[in-house]
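Working notes, structure below.
Where a number appears in this text, it was derived from the coordinates with a stated rule and is not lab data. This is a predicted model, so every value here is computed, not measured. Please note: Cβ atoms are built from the backbone with ideal geometry, for glycine as well, and neighbour counts cover all protein chains shown.
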Amino acid sequence: MIYLAPLQGFTDFVYRAAHAAVFNSIDAYFIPYISLKHNKILPKYFREISPQNNRQMRVVPQVLAKDGNELALMAKQLLDLGYAEINLNLGCPYPMVTNRGKGAGLLATPAKVNEILERFFSTSEGELSVKLRSGLQSDSELSSVIDVLNQFPIKEVIYHPRVASQLYSGEIDENAYLFASQQLKHRLVYNGDIFSVKTYTEKNEMFLQTSDWMLGRGVLMNPLLPNEIMGVQLSKEKRDSLLFLFHKYVLEGYLEAMDNEGNALNKMKQFWIYFSHRFPAHKKVFKLVKKAKDMNKYQSVIRTAFDQL
Ligand SMILES: Cc1cc2nc3c(=O)[nH]c(=O)nc-3n(C[C@H](O)[C@H](O)[C@H](O)COP(=O)(O)O)c2cc1C
């Protein structure tokens, strides 16, 4: 199976719907994390989790929670909306999150993880999966967290084998992943640095027990990557026309979702941070997109970029 990773600011409901409609290559879409303020889900997240905006087959909302109470509150609201499963974020590396005891901040306190899971499994109906890193400070934290995870009927564990201080770069800790694949009782999904069919094949050969993969930036840079990994053969003409259609859907989606054209343009500029990598001379393409002052200028830059594909 291939999952689309949650990437805050990138894989939002517009992106997910457009990707599903054009490529039909993802088995599950993970909604970037939502969190609570004063025990309420912030209104800015409503559109992300609204069932009308999430009509794909399998969509999993992700939550950041600092304790069992927060997870229970969010789980109730999400299950009421009709979601059957929820993903708990144990990986977000940013100090703003970890200092509040959320995301990877929980990895240093396995007792807290235990409390959160105990509360969920004794009070909630739905299924729970976990998205994990190796540790907050060091991968020596991993073993105790795995011991806790093994006590509960978790649906699956998605593991990005880096510690929080690495953020999203530096060496992937392959040994830590292999250790987790031996120690964890749950289905394990690999996540991290799959940017091409070649890197996928390497990981596939290295992690023989793994058959489920979560892809993030690799899809943002090349939305056709899951199709390529599945071995779907497409002509260049077909690939280019799918990318063109995908861009069209994303643009139309943002024009509809944003209150004005300027905001839609800003979302498109964000989209091109990664999407430009699919184009020859990608730095130049991105620079021109960034400079576009209005939608007319943007459209003309984009036409030239697609002509050069
Ligand atoms: C800009 C950005 C935003 C992210 N947002 C989230 C998020 O909301 N929840 C989460 O679990 N991980 C988040 N991640 C991590 C990704 O889901 C993924 O674990 C990471 O990018 C490694 O996978 P990749 O190498 O395939 O991209 C984010 C990563 C980036 C770069």
Item checked: Output for the range 186-199, where each listed residue is in contact with a strand residue (DSSP E or B) (Cβ under 7 Å, 6 or more places away or on another chain) and within 15 Å of the ligand (Cβ to nearest atom) -> 188, 189, 190, 191, 192, 194
Note to self: Anything in the range 157-203 that is within 18 Å of the chain's Cα centre (by Cα), surrounded by 15 or more Cβ atoms within 10 Å (Cβ to Cβ), among the aliphatic types (A, V, I, L, M) and not in a helix (DSSP H, G or I)? List them, or say none.
What the structure shows: 157, 158, 163, 172, 188, 189, 194
Next item on the list: Determine whether the range 78-89 contains at least one residue that is assigned to a helix (DSSP H, G or I) and within 22 Å of the chain's Cα centre (by Cα).
Entry: yes
Check: Do we find a residue being over 21 Å from residue 152 (Cα atoms), touching a residue at least 24 places away in the same chain (Cβ under 8 Å) and within 15 Å of the ligand (Cβ to nearest atom) anywhere in the range 62-85?
Finding: no
Notebook entry, point to check: Which residue out of 87, 54, 99 is within 30 Å of residue 234 (Cβ to Cβ) and out of contact with any helix residue (DSSP H, G or I) (no Cβ under 6 Å at 6 or more places or on another chain)?
Noted result: 54
Check: Which ones in the range 90-109 are buried (at least 18 other Cβ atoms within 10 Å of the Cβ) and outside any strand (DSSP E or B)?
Finding: 91, 92, 93, 97, 98, 102, 103, 104, 105, 106, 107, 108
Checklist line | Every residue from the range 204-226 that is touching a residue at least 12 places away in the same chain (Cβ under 8 Å) and either away from the ligand (no atom under 16 Å from the Cβ) or more than 22 Å from the chain's Cα centre (by Cα) (or both) | finding: 206, 209, 211
Margin query: Of the conditions (1) of a type in the set (A, V, I, L, M, F, W, C); (2) farther than 22 Å from residue 20 by Cβ; (3) free of Cβ contacts under 8 Å to residues at least 24 places away in the same chain, residue 234 satisfies every one except a single condition; which number is it?
Written below: (2)
Item checked: residue 10, sole failed condition from (1) part of a loop (DSSP other than H, G, I, E, B); (2) loosely packed, with under 14 Cβ neighbours inside 10 Å; (3) aromatic (Phe, Trp, Tyr) -> (2)
